[in-house]
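Peer 1: Okay, here's the structure, questions in a sec.
The values are calculated or read from the model by the stated rules, or taken from the named source; none is laboratory data. Since this is a predicted model, take the numbers as computed values, not measurements. Backbone-built Cβ (ideal geometry, glycine too); neighbour counts: all protein chains shown. Protein only, heavy atoms only, side chains kept; ligands, DNA and RNA dropped before computing areas. Shrake-Rupley method; radii C 1.70, N 1.55, O 1.52, S 1.80 Å.
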Amino acid sequence: MARRTKEDAVATRSGLLDAAEQVFLEQGVSRASLAAIAEQAGATRGAVYWHFKDKLDLFNAMIDRVSLPLDQVLYGDGAGLASAAPLQRICRVMHVLLNGLAHDEHLRRVFTIMMHRVEFVGEFVALQARHTASMDECSGKFALDMEAAAEQWGVALRYSPKQLARGLTSLLDGLMHTWLIGGQSFDLVEDGSATIQVYLMGAGLPQEAVHAAFLAAASERAAEG
(Lines give C-alpha, C1' and ligand atoms only; values in the text may rest on other atoms or scores of the structure.)
Protein backbone atom coordinates (compact mmCIF):
# COMPACT_ATOMS: atom_id res chain seq x y z
CA MET A 1 0.00 0.00 0.00
CA ALA A 2 2.84 2.38 0.87
CA ARG A 3 4.46 1.74 -2.51
CA ARG A 4 1.17 2.37 -4.28
CA THR A 5 0.76 5.63 -2.37
CA LYS A 6 4.26 6.73 -3.38
CA GLU A 7 3.59 5.85 -7.01
CA ASP A 8 0.32 7.78 -6.87
CA ALA A 9 2.12 10.82 -5.46
CA VAL A 10 4.73 10.68 -8.22
CA ALA A 11 2.00 10.36 -10.86
CA THR A 12 0.05 13.28 -9.37
CA ARG A 13 3.15 15.49 -9.32
CA SER A 14 3.98 14.59 -12.91
CA GLY A 15 0.40 15.30 -13.97
CA LEU A 16 0.52 18.71 -12.30
CA LEU A 17 3.75 19.56 -14.12
CA ASP A 18 2.19 18.46 -17.42
CA ALA A 19 -0.82 20.63 -16.69
CA ALA A 20 1.38 23.58 -15.73
CA GLU A 21 3.15 23.37 -19.09
CA GLN A 22 -0.17 23.48 -20.92
CA VAL A 23 -1.71 26.30 -18.86
CA PHE A 24 1.45 28.43 -18.83
CA LEU A 25 1.76 27.98 -22.58
CA GLU A 26 -1.85 28.96 -23.27
CA GLN A 27 -2.36 31.71 -20.69
CA GLY A 28 1.11 32.99 -19.89
CA VAL A 29 2.73 32.56 -16.49
CA SER A 30 1.45 35.76 -14.86
CA ARG A 31 -2.19 35.08 -15.80
CA ALA A 32 -2.17 31.37 -15.02
CA SER A 33 -3.63 30.36 -11.67
CA LEU A 34 -2.96 27.33 -9.54
CA ALA A 35 -6.68 26.61 -9.67
CA ALA A 36 -6.55 26.42 -13.47
CA ILE A 37 -3.53 24.13 -13.31
CA ALA A 38 -5.27 21.87 -10.79
CA GLU A 39 -8.37 21.73 -12.99
CA GLN A 40 -6.27 20.91 -16.07
CA ALA A 41 -4.62 18.08 -14.14
CA GLY A 42 -7.90 16.77 -12.75
CA ALA A 43 -6.62 17.43 -9.23
CA THR A 44 -7.47 19.69 -6.31
CA ARG A 45 -5.72 22.88 -5.24
CA GLY A 46 -4.79 21.00 -2.11
CA ALA A 47 -2.84 18.55 -4.25
CA VAL A 48 -0.96 21.44 -5.82
CA TYR A 49 0.03 22.82 -2.43
CA TRP A 50 0.99 19.37 -1.22
CA HIS A 51 3.64 19.12 -3.94
CA PHE A 52 4.59 22.78 -4.48
CA LYS A 53 4.90 25.75 -2.15
CA ASP A 54 3.54 28.28 -4.66
CA LYS A 55 3.42 29.08 -8.38
CA LEU A 56 7.10 29.99 -8.48
CA ASP A 57 8.03 26.64 -6.93
CA LEU A 58 5.85 24.87 -9.48
CA PHE A 59 7.41 26.84 -12.33
CA ASN A 60 10.93 26.03 -11.16
CA ALA A 61 10.07 22.34 -10.90
CA MET A 62 8.73 22.45 -14.45
CA ILE A 63 11.99 23.99 -15.66
CA ASP A 64 14.12 21.52 -13.69
CA ARG A 65 12.27 18.59 -15.23
CA VAL A 66 13.79 19.44 -18.62
CA SER A 67 16.96 21.30 -17.65
CA LEU A 68 18.43 18.67 -15.34
CA PRO A 69 18.23 15.80 -17.88
CA LEU A 70 19.47 18.19 -20.58
CA ASP A 71 22.46 19.15 -18.44
CA GLN A 72 23.19 15.46 -17.93
CA VAL A 73 23.23 14.92 -21.70
CA LEU A 74 25.48 17.93 -22.22
CA TYR A 75 27.83 17.71 -19.27
CA GLY A 76 27.13 14.47 -17.41
CA ASP A 77 29.57 11.63 -16.87
CA GLY A 78 28.12 9.71 -19.80
CA ALA A 79 28.50 12.59 -22.22
CA GLY A 80 32.17 11.85 -22.79
CA LEU A 81 32.95 15.54 -23.16
CA ALA A 82 35.55 15.85 -20.43
CA SER A 83 38.14 14.26 -22.70
CA ALA A 84 36.74 15.67 -25.96
CA ALA A 85 38.48 18.34 -27.99
CA PRO A 86 37.32 21.87 -27.04
CA LEU A 87 35.77 22.64 -30.42
CA GLN A 88 33.93 19.32 -30.28
CA ARG A 89 32.43 20.30 -26.92
CA ILE A 90 31.16 23.59 -28.32
CA CYS A 91 29.59 21.94 -31.34
CA ARG A 92 28.07 19.17 -29.22
CA VAL A 93 26.29 21.69 -27.00
CA MET A 94 25.01 23.59 -30.02
CA HIS A 95 23.77 20.50 -31.81
CA VAL A 96 22.09 18.99 -28.75
CA LEU A 97 20.18 22.20 -28.03
CA LEU A 98 19.13 22.91 -31.60
CA ASN A 99 18.22 19.31 -32.38
CA GLY A 100 16.42 18.86 -29.07
CA LEU A 101 14.36 22.01 -29.51
CA ALA A 102 13.46 21.10 -33.09
CA HIS A 103 12.35 17.52 -32.40
CA ASP A 104 11.29 17.26 -28.74
CA GLU A 105 7.80 18.72 -28.23
CA HIS A 106 8.14 18.63 -24.45
CA LEU A 107 11.39 20.61 -24.54
CA ARG A 108 9.93 23.01 -27.10
CA ARG A 109 6.92 23.79 -24.90
CA VAL A 110 9.07 24.58 -21.88
CA PHE A 111 11.50 26.73 -23.87
CA THR A 112 8.56 28.62 -25.36
CA ILE A 113 7.23 29.30 -21.88
CA MET A 114 10.63 30.42 -20.58
CA MET A 115 11.31 32.69 -23.53
CA HIS A 116 7.87 34.04 -24.44
CA ARG A 117 5.33 33.41 -21.66
CA VAL A 118 6.95 34.75 -18.50
CA GLU A 119 7.38 38.30 -17.17
CA PHE A 120 10.25 38.96 -14.79
CA VAL A 121 8.15 40.88 -12.25
CA GLY A 122 6.96 40.27 -8.72
CA GLU A 123 7.87 36.86 -7.38
CA PHE A 124 9.33 35.95 -10.76
CA VAL A 125 12.13 38.54 -10.57
CA ALA A 126 14.28 35.73 -9.17
CA LEU A 127 13.92 33.88 -12.46
CA GLN A 128 15.80 36.67 -14.22
CA ALA A 129 18.79 36.04 -11.95
CA ARG A 130 18.53 32.31 -12.63
CA HIS A 131 18.44 32.90 -16.38
CA THR A 132 21.40 35.30 -16.21
CA ALA A 133 23.43 32.87 -14.12
CA SER A 134 22.72 30.06 -16.59
CA MET A 135 23.77 32.24 -19.53
CA ASP A 136 26.93 33.31 -17.71
CA GLU A 137 27.84 29.71 -16.90
CA CYS A 138 27.35 28.66 -20.51
CA SER A 139 29.35 31.64 -21.75
CA GLY A 140 32.15 30.85 -19.32
CA LYS A 141 32.43 27.30 -20.64
CA PHE A 142 32.45 28.57 -24.23
CA ALA A 143 35.21 31.08 -23.41
CA LEU A 144 37.49 28.37 -22.03
CA ASP A 145 36.84 26.12 -25.03
CA MET A 146 37.30 28.93 -27.56
CA GLU A 147 40.69 29.74 -26.05
CA ALA A 148 41.70 26.07 -25.90
CA ALA A 149 40.54 25.45 -29.49
CA ALA A 150 42.60 28.37 -30.76
CA GLU A 151 45.63 27.03 -28.94
CA GLN A 152 45.05 23.51 -30.28
CA TRP A 153 44.84 24.69 -33.88
CA GLY A 154 47.55 27.32 -33.57
CA VAL A 155 45.38 30.25 -34.62
CA ALA A 156 44.77 33.70 -33.20
CA LEU A 157 41.21 34.58 -32.26
CA ARG A 158 39.98 37.87 -33.68
CA TYR A 159 38.55 39.00 -30.33
CA SER A 160 38.99 37.89 -26.74
CA PRO A 161 37.58 34.45 -25.80
CA LYS A 162 35.20 36.17 -23.36
CA GLN A 163 33.83 38.48 -26.06
CA LEU A 164 33.46 35.67 -28.57
CA ALA A 165 31.80 33.40 -26.01
CA ARG A 166 29.28 36.10 -25.13
CA GLY A 167 28.50 36.55 -28.81
CA LEU A 168 28.14 32.81 -29.33
CA THR A 169 25.76 32.50 -26.37
CA SER A 170 23.70 35.42 -27.66
CA LEU A 171 23.64 33.93 -31.17
CA LEU A 172 22.34 30.60 -29.88
CA ASP A 173 19.76 32.31 -27.69
CA GLY A 174 18.66 34.51 -30.60
CA LEU A 175 18.28 31.56 -32.97
CA MET A 176 16.03 29.75 -30.51
CA HIS A 177 13.98 32.89 -29.74
CA THR A 178 13.48 33.70 -33.42
CA TRP A 179 12.57 30.13 -34.36
CA LEU A 180 10.02 29.83 -31.57
CA ILE A 181 8.35 33.22 -31.98
CA GLY A 182 8.45 33.01 -35.78
CA GLY A 183 6.40 29.83 -35.95
CA GLN A 184 9.37 27.61 -36.81
CA SER A 185 9.76 29.34 -40.16
CA PHE A 186 13.24 27.98 -40.89
CA ASP A 187 15.17 24.76 -40.35
CA LEU A 188 16.57 25.29 -36.87
CA VAL A 189 19.10 22.46 -37.04
CA GLU A 190 20.41 23.01 -40.57
CA ASP A 191 20.23 26.80 -40.74
CA GLY A 192 21.21 27.24 -37.11
CA SER A 193 24.24 24.97 -37.48
CA ALA A 194 25.33 26.81 -40.62
CA THR A 195 25.00 30.18 -38.87
CA ILE A 196 27.03 29.03 -35.87
CA GLN A 197 29.73 27.56 -38.12
CA VAL A 198 30.04 30.90 -39.93
CA TYR A 199 30.41 32.61 -36.56
CA LEU A 200 33.11 30.21 -35.35
CA MET A 201 35.05 30.58 -38.58
CA GLY A 202 34.68 34.35 -38.36
CA ALA A 203 36.09 34.14 -34.85
CA GLY A 204 39.29 32.78 -36.36
CA LEU A 205 38.90 29.00 -36.03
CA PRO A 206 39.84 26.86 -39.08
CA GLN A 207 37.01 26.06 -41.49
CA GLU A 208 37.89 22.37 -41.79
CA ALA A 209 38.04 21.95 -38.02
CA VAL A 210 34.66 23.61 -37.51
CA HIS A 211 32.99 21.50 -40.21
CA ALA A 212 34.50 18.31 -38.84
CA ALA A 213 33.37 19.09 -35.29
CA PHE A 214 29.78 19.73 -36.35
CA LEU A 215 29.68 16.55 -38.44
CA ALA A 216 31.01 14.58 -35.48
CA ALA A 217 28.39 16.09 -33.18
CA ALA A 218 25.59 15.24 -35.61
CA SER A 219 26.89 11.66 -35.99
CA GLU A 220 27.05 11.20 -32.21
CA ARG A 221 23.46 12.33 -31.76
CA ALA A 222 22.28 10.09 -34.59
CA ALA A 223 24.02 7.10 -33.02
CA GLU A 224 22.34 7.84 -29.69
CA GLY A 225 18.96 7.76 -31.39
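Peer 1: Could you grab me the full set of residues in segment 171-221 that are of a type in the set (Val, Ile, Thr) and open to solvent by 20 Å² or more (accessible area, probe 1.4 Å)? Quick ask: steps written out before the conclusion?
Peer 2: Of all residues in segment 171-221, those of a type in the set (Val, Ile, Thr) come to 178, 181, 189, 195-196, 198, 210.
The answer is Thr178, Ile181, Val189, Thr195, Val198.
Peer 1: Within segment 158-165, is there a residue that is open to solvent by 30 Å² or more (accessible area, probe 1.4 Å), of a type in the set (Lys, Arg), on the phi < 0 side of the Ramachandran plot and modelled with pLDDT of 95 or more?
Peer 2: First, the residues of segment 158-165 that are open to solvent by 30 Å² or more (accessible area, probe 1.4 Å): 158-163.
Now drop any that are not of a type in the set (Lys, Arg), which leaves 158, 162.
With the extra rule that they be on the phi < 0 side of the Ramachandran plot, the set shrinks to 158, 162.
Still in the list and also modelled with pLDDT of 95 or more: 158, 162.
Yes, there is a match, as at least one residue in segment 158-165 is open to solvent by 30 Å² or more (accessible area, probe 1.4 Å), of a type in the set (Lys, Arg), on the phi < 0 side of the Ramachandran plot and modelled with pLDDT of 95 or more.
Peer 1: Can you name the residue in segment 10-33 that is of a type in the set (A, V, I, L, M) and within 19 Å of the chain's Cα centre (by Cα) and is also surrounded by the most Cβ atoms within 10 Å (Cβ to Cβ) among such residues?
Peer 2: My answer is Ala20.
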